[in-house]
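Bear in mind these aren't lab numbers, they're just calculated from the coordinates by the rules spelled out. Remember, it's a predicted structure, so these values are computed and weren't measured experimentally. In this analysis, Cβ positions are derived from the backbone assuming ideal geometry, glycine residues included, and neighbour counts consider all displayed protein chains.
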Amino acid sequence: MIKLNPIRSDKVWGYEDWIASTHADGCQSEFKQLAGDYPLLVKVIQANDTLSVQVHPDDEDAKRLEGENERGKTECWYVLSAEPGASLVYGLKGNPGKEELRESIKANSLESHLDRVEVKKGDFIFIPSGTVHAIGGGLRLLEVQQSCNITYRLYDWGRPREVHIEKGVEVIKNEKKQKISPLGEEFECKYFALKKEPLKGGYSFLVSPSSKLVELVFISGGEGTIRATAKDGSKTEHSFKAEEIFAVLPGEKITLEGKGEVIRIQSK
């Protein structure tokens with residue numbers, strides 16, 4: 001088990017901490033030594049202002065548009081904190097055609113097509129690749145995603161940054177969205193699985209010895225102690241507090257003592 005140290009990236013709208021990454025744009029060397037080319041990227045995002053409206057390609061589109069070695073970006077958000085009335089863009093209203101979307105972007109009128117939804121602390125939002133989205137100001141999120149840094153910006157609220165109209169419109173998939181609701185005990189998709197556990201004194205689990213990948217343990221709230229016992233009997237111990245993350249190895253027995261909440265993150 002190792003504790004991972006975040007890599008901060010300041011943005012015009014706030015900042016993001018890459019808390020578990022082996023991506024070339026922000027690689028934690030100790031984590032890469034442990035996990036190799038890890039297929040997930042985990043962030044904590046602080047949005048003081050609204051992010052650009054954007055979309056990410058799926059695996060097939062990423063390879064076709066950006067190169068054979070690229071992967072797509074399906075992601076999810078877990079709301080760590082939210083100011084009253086905070087909201088985000090989650091998909092499109094109705095079913096506008098691609099040409100209509102192109103013209104709306106060029107005319108700076110895309111806002112009329114955006115589906116904005118209020119969210120609160122504890123809400124969970126699943127964002128398959130191809131879903132138009134934007135994080136609103138006043139939100140702090142845990143983001144779990146495929147390890148991909150391809151973003152096609154569609155609209156930027158009057159800011160003079162580049163937009164990617166052709167590629168962005170091409171990869172949009174305006175499919176039925178999942179209802180936004182509090183994160184339950186478990187969530188699973190093609191690329192990752194999340195398991196939320198309350199800490200009420202103690203919690204233990206065994207990382208599957210047959211797994212080929214490390215597992216991540218994110219402390220979404222609280223404080224305490226985390227211990228790992230490896231297959232050879234060696235032990236590792238760390239204190240923890242909210243928003244820290246640990247990489248644990250196959251075959252390790254993990255014990256957490258304290259109060260709060262933990263989210264286990266597994267790659268598929």
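Here are the numbers for the structure shown:
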read-out	value
q = 0.12, 0.13, 0.25 Å⁻¹: log10 I(q)/I(0) that the Debye formula gives for the range 187-267, counting C-alpha atoms only	-0.31, -0.36, -1.26
Euclidean distance of C-alpha centroids, the range 87-137 and the range 201-268, integer Å	36 Å
Inter-label distance, nm, simple model (7 Å from Cα along the C-beta direction), Ser210/Leu65	3.8 nm
Reciprocal mean inverse distance between Cα atoms of the range 103-201 - Kirkwood radius, Å	15.9 Å
Cα pair count fraction exceeding 19 Å, expressed as % - the range 20-172	56 percent
Extension reserve of the Asn149-Lys93 stretch, reckoned as 0.36 nm per residue once the Cα distance is removed	17.5 nm
The chain: equivalent-ellipsoid semi-axes (sqrt of 5 x gyration tensor eigenvalues, Cα, Å)	34, 20, 16
MRE, 222 nm, helices only [DSSP H, n ≥ 4, -39500 (n - 2.57), over the chain, to nearest 500]	-3000 deg cm²/dmol
Solvent-free Debye scattering, log10 I(q)/I(0), computed from the Cα coordinates of the range 37-96 at q = 0.15, 0.21, 0.27 Å⁻¹	-0.68, -1.07, -1.25
Sequence-separation-based contact order of the range 1-90, relative, with Cα cut under 8 Å and 6+ spacing, percent	19 percent
Quarter of the Cα convex hull surface for the range 174-214, i.e. its orientation-mean projected area (nm²)	4.8 nm²
Extension gain (nm, one decimal) between Ser234 and Glu166, 0.36 nm per residue minus Cα-Cα	19.1 nm
Among Asp156, Asp123, Asp232, residue whose mean-square fluctuation peaks in a GNM of the chain (springs only between Cα atoms under 10 Å)	Asp232
The chain: relative contact order in percent, alpha carbon pairs under 8 Å with at least 6 residues between	21 percent
Choice from Lys212, Lys195, Lys43 showing the highest fluctuation, given a GNM over the chain with Cα pairs closer than 10 Å	Lys212
Added length on full extension, which subtracts the Cα-Cα distance from 0.36 nm per residue, Lys268 to Thr225	12.7 nm
